[in-house]
Amino acid sequence: MKILNIVGARPNFVKIAPLIRAMGSHPFMTPILVHTGQHYDGPMSQQFFRELDIVPPDFNLGVGSGSHAVQTAEVMRRLEPVLEAARPDLVLVVGDVNSTLAAALTAVKLHIPVAHVEAGLRSFDRTMPEEINRLVTDAVADLLFVTEESGRQNLLREGIAPERVHFVGNVMIDALHAFRSRWERSPIVSALGLHGDPYVVLTLHRPSNVDDPITLMNFVEALQELARHVPVVFPVHPRVKQHLLLQGHLFETIPDSRGPLYSKGVVYLDPLGYLDFIALMSRARLVLSDSGGIQEETTILGVPCLTLRDTTERPVTVSHGTNRVIGADPARIVGEVLRTLERPPCPNGPPPLWDGQAAGRIVKILLEAFGGAPVREAPRRRGVVA
Ligand code: UD1
């Protein structure tokens, strides 16, 4: 069984690592890996491959950055000949980034079955690009692997046949468990001079939080106010750095490759690799973030997480985990953080099936679904050399 796996952006690499490992250890499976190139800087891409032992991609489409339409269209245009040449039995996509959507559309139009890992999550906020990616990917996918019960319910409500939906657990948590011994050895906390002191980690990258200069300024001010109470470590995503650079007067908030920048209680860093970032979160008193995956990782690490958004597509992190969705009003942040530091949440134990075994379950279901043979024959286009 030839499975062509698609990755493009940082969280995809974490999710694919346990899957490729599980597929590679099965005698009837041949995994192929395609990197779309949506993320391309060393710390956003190659470092994840190295740290998570991911084999180098068989194809790199080199798509790079662009508007949503350009990025999605470029992935589709460059992936189509690869799919025609490789003729996989299945295309597997993970998560909700533009590469996920583009690959699912390209495959389904070539009549190649699609599996979506992390299906069914819904924020019910269609202004989020990821929500559109999730809805469309799930609508065309043949096999849908969900991480939590809400995902299954959402898909059934949208009319997806129940036999196509499989509740398997969370591959991102597989990675967290599988690489524990490595991230536990990371020296990042002492390297930053934190030496066992309490600190907060912040990440921001949602367009709604960082693309508007006034909103971003308000966040920076809230961050500096918070840092008067507790040190804050802020690895700065390239999207945010780009916007900070546009605000020239915020130069004291822009890290560079020479190392961390310490300013008024805040440690500004370039993006960290996987091992350092998980180590940093695992020893933090609290994490503030607008990310999706971080809500899940903090749930398993048992670290309180305040989500800087109005919605979450991962409600199990609130019902079982340490997550609270506090909105994106910078004026509320300091009060919410101080309250949570005083009275941390009591988690209800790990969500069902978040046990490090999700990739194995997925591989087993794929083998059962395909019985070793392709489900559908992909049409061969004239003039294309396979
Ligand atoms: C993307 C995903 C988001 C995911 C996030 C994880 C979409 C719509 N968004 O957001 O769901 O949570 O990745 O990080 O797919 N850039 C660099 N170097 C890189 C990559 C990006 O400098 O290696 C800069 C570019 O200026 C680019 C900007 O960051 O324009 C944004 O990158 P992009 O991939 O468009 O979206 P993200 O904000 O990273």
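The values are calculated or read from the model by the stated rules, or taken from the named source; none is laboratory data. Here the structure is a predicted model, which means the values were calculated and not measured. Ideal geometry is used to build each Cβ from the backbone, glycine not excepted, and the neighbour counts take in all protein chains shown. For accessibility, only protein heavy atoms count, side chains too; no ligands or nucleic acids. Shrake-Rupley method; radii C 1.70, N 1.55, O 1.52, S 1.80 Å.
Odds and ends about this structure:
- For the chain, the carbon plus sulfur part of the accessible surface works out to 55%, probe radius 1.4 Å.
- Summary value for the chain: 17 percent relative contact order, contacts being C-alpha pairs under 8 angstrom separated by 6+ residues.
- Here the range 181-342 is treated as an ellipsoid with the same Cα gyration tensor; its semi-axes, largest first and in whole Å, are 22, 20, 15.
- Projected onto planes of every orientation and averaged, the convex hull of the alpha-carbon atoms in the range 258-322 covers 5.1 nm².
- DSSP beta bridges in the range 181-342 [antiparallel fraction, %, rounded to 5]: 20
- In the chain, helices alone account for a calculated mean residue ellipticity at 222 nm of -12500 deg cm²/dmol, with every DSSP H run of four or more residues adding -39,500 (n - 2.57).
- Tensor-based shape of the range 1-134 (alpha-carbon gyration tensor, a/c under 1.5 rounded, otherwise prolate or oblate): rounded
- Surface exposure of the chain, expressed per residue as accessible area with a 1.4 Å probe, stands at 41 Å².
- Computed E for V140/R182 - FRET, C-beta separation, R0 51 angstrom, nearest 0.05: 0.90
- Debye, to nearest 20: dipole size of the range 176-264, +1 on Lys, Arg Cβ, -1 on Asp, Glu Cβ: 360
- Along the chain, longest interval not containing exposed trypsin sites (Lys or Arg not before Pro), exposed being DSSP loop plus at most 12 other Cβ atoms within 10 Å: 1-125
- By the equivalent-ellipsoid construction on the alpha carbon gyration tensor, the chain comes out with semi-axes of 36, 22, 19 Å, ordered largest to smallest.
- Solvent-accessible ranking of V82, V136, largest area first, probe 1.4 Å: V136, V82
- Highest-MSF residue in the chain out of P18, P113, P43 [GNM, Cα springs under 10 Å]: P43
- Sum of side-chain charges, M172 neighbourhood, beta-carbon under 10 Å (Lys, Arg +1; Asp, Glu -1): -3
- Of all DSSP beta bridges confined to the chain, the antiparallel ones make up roughly 10%.
- Rounded to the nearest 20, the size of the Cβ-charge dipole of the chain about its Cα centre is 520 debye, with Lys and Arg at +1 and Asp and Glu at -1.
- H26-S67 FRET efficiency (beta carbon distance; Förster radius 35 Å; 0.05 resolution): 0.35
- The range 181-342 - charge dipole about Cα centre, Lys and Arg +1 at Cβ, Asp and Glu -1, debye rounded to 20: 260
- For the range 181-342: relative contact order, % (alpha-carbon pairs under 8 angstrom, 6 or more apart): 23
- Listed residue (G292, V7, I132) projecting farthest to the positive dipole end of the chain, Cβ model: V7
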